[in-house]
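Notes follow once the structure below has been shown.
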Amino acid sequence: MLNVMRKHAGSWMIKVVLFAIVIVFVFWGVGSFRSREASKVATVNDEIITVVDYRRAYNNMLDQYRQRFGSSLNDDMIEMLQIKKQALDQLIDRKLLLQEAEHLGLRVSDSEIADSIINTQVFQNNGSFDNRRYRRLLAQVHLTPEEYETDQKQVLLGGKLSRIVMGAAKVSDQEARQWYDWQNASVSVDYVLFEPARYTGIDPSEEAISTYFDANKETYKTDPMVNVRYVVFEPDTYRDQVTVDEDELLDYYETNLAEFKTEKTVEARHVLIKLDANADEDADQAAKSRAEEVAKMARAGQDFAELAQTYSEGPTKDRGGYLGKFQRSQMVRPFADQAFSMAAGDVSDPVKTQFGWHVIKVESVEAASTKTLEESKDRIVKTLTDRKSRNLAYDTAEQFYEGCFEKDDLVNNAKTFKLAVMEAGPFSRVGPEVLGTGKGAFANAAFALKADEISDIQDIDGRYYLIQQTETIDAAIPGLETVTERVKADLTKKIQADKAKADADAMAAALSEGGAFDQIAAQRGATVKNTGLFARSAAIPDIGSDPEFSEAAFQLSSVGDTSGQPVRGGAGFYLMRLAERKAPDAGAFESEKESIRSMLLRQKQRTVFQDWIDSRKADSQIIIEEAYLE
């Protein structure tokens, strides 16, 4: 069936986003990316997880954490997060999922695969599938349609089983209500803050600094670093070698015609008379009547922008109701249908949407159009020139790489190709600043190399790199003399925190003996403040977001209860007393019930699925090559 689909779908034209497909390949480890190597990381019931699969999963996960933590992600954090283990667990879970689907006899038909491919947005433009572009795209990532379709079958198979497993999860109204009450309850507490910064005049001795450094040497350990040399293949340097002929222009234009089409647009203003979704008929009629009056005044010649500033209740009121230019799909349907049926200068009758009643004035209309080939020529030439330049740069990088076998080959080849050899380093896993946004990917490639090893071609920010590691600098503990000021500052902060905690502990002890909260605070020169009511997940008035403070406050059960021990918050050490506890508005629950149930259902589905995976692991034979996790 898939062959039939490929034979007869070639007349449709689409624009395909290449990187979106590559993301799918990275996640599933598909096609040529899944070429088997002799070395393996693990076996799951006698099925191999290759080094290639593992490295890809690891690098992908590492990139995700780099985006989240930025330059603060160092080797210690990578080890603490157990990214190697996470990556391998992900691959094992996927393997178990597919094995169990096969064991249960789940099947994916050819028609399901075909529908999945045809309906995938990355293969579509205006809802149409183009087989010629489909084949061309797969060829660019060294895949045949048969290979891609085989792997797409696995994606669908895994999805079927996942849905069956997660289908066991259910959420009752009672569970939703319990979560709502827990999440939306609010408390008000009186509190005292012992702030470390108020303890001044601290000047640690040299002996104390040395002792503190000896006890905390690992804190000052430097990150591992590397030095590298590299050559870069810049596509722009190949532009003067590129030519684009008329046939190529025509082929691109016809294949990507949608790029040159402009949808009809309308420029308009509006007046909105708001109406609650649950409004009764009388309120609805009253809002409509007000809108009719506005329309009448506009048709009588009053300035529409001034009318909007006076009567509109929408967010564009201050701009005279101006909406700018928009396409039909950018507006809700009743509004869009009316606006796109009008001519420039027209004022509409009132139009009702979920927001209320609108009066629309169209200021201009631009009809749909398609640029001619001649009008699009410069744009197409640039696109094709960019593409060909990148191809030439990559081809040159391949030729260069094919001659790199020995330590000095990168330097010698650079002379032959008349390319400069650049040096970078030492740098950590954050990457060299000179690479800008590409520094993380550059660092990933550099740290994956052994001494003198030359990398594969690296595509980083539109340029191609070959990187050779020249030196590895191990993480090391520096001498005290190089970090004295930093150690002194850290010790000073510790002494301040210790003093603050000691005073907080003393107040806690006095409270435990039956002392009055306000009186004991006054004796210690501390000021009692009140937070006002705040919800569990909300910012605390005058304090901000402080999870430790919030958690301790909600653990106080009765008005007058005090925290037994000081609470370490973001600003220092707190002691608190419950002033008020307020239950959430019961009436609001019904309007939020379905969204809460959906959220809890997703959470429960993840738990059910993870429990199921854990049980499969317990019943499976999984052998891991531990060397890859060291």
Everything considered on the Cα gyration tensor (a ≥ b ≥ c; rounded for a/c under 1.5, else prolate if a/b is larger than b/c, else oblate), the chain must be described as oblate
How far is the Cα center of the range 577-598 from the Cα center of the range 277-348, in Å?
36
If you consider only alpha-carbon coordinates, what radius of gyration and Dmax does the range 397-499 have, in Å?
19.6, 68
Too long for a 24 Å Cα-Cα cut-off, among LYS325/LYS361; LYS221/LYS450; LYS377/LYS439; LYS325/LYS382, are LYS377/LYS439; LYS325/LYS382
Would you calculate the convex hull of the Cα atoms in the range 264-367 and tell me its volume per residue in Å³?
83
Shape of the range 315-472 from its Cα gyration tensor (a ≥ b ≥ c, root eigenvalues): rounded if a/c is under 1.5, otherwise prolate when a/b > b/c, or oblate?
prolate
Residue separation times 0.36 nm, minus the C-alpha to C-alpha distance between GLU195 and ASN530: what's the value?
119.0 nm
Per DSSP, the loop-located chymotrypsin sites (Phe, Trp or Tyr not before Pro) within the range 364-425 having at most 15 other beta carbons within 10 Å are PHE405, PHE417
How do LEU73, LEU373, LEU272 rank when sorted from fewest to most other Cβ atoms within 10 Å of their own Cβ?
LEU373, LEU73, LEU272
Which of THR607, ASN216, GLY569, positive extreme of dipole for the chain (C-beta unit charges)
THR607
Test of the criteria: in the range 263-320, which GluC sites (Glu not before Pro) are in a DSSP loop and have at most 16 other Cβ atoms within 10 angstrom of their Cβ?
GLU263, GLU313
Cleavage-rule hits, trypsin sites (Lys or Arg not before Pro), the range 536-624, DSSP coil, Cβ neighbours within 10 Å at most 11
none
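FYI, it's all coordinate maths here, none of it is from the lab. Note that this is a predicted model, so its numbers are computed, not measured. Reconstructed Cβ throughout: ideal geometry from the backbone, glycine too, with neighbour counts over all protein chains shown.
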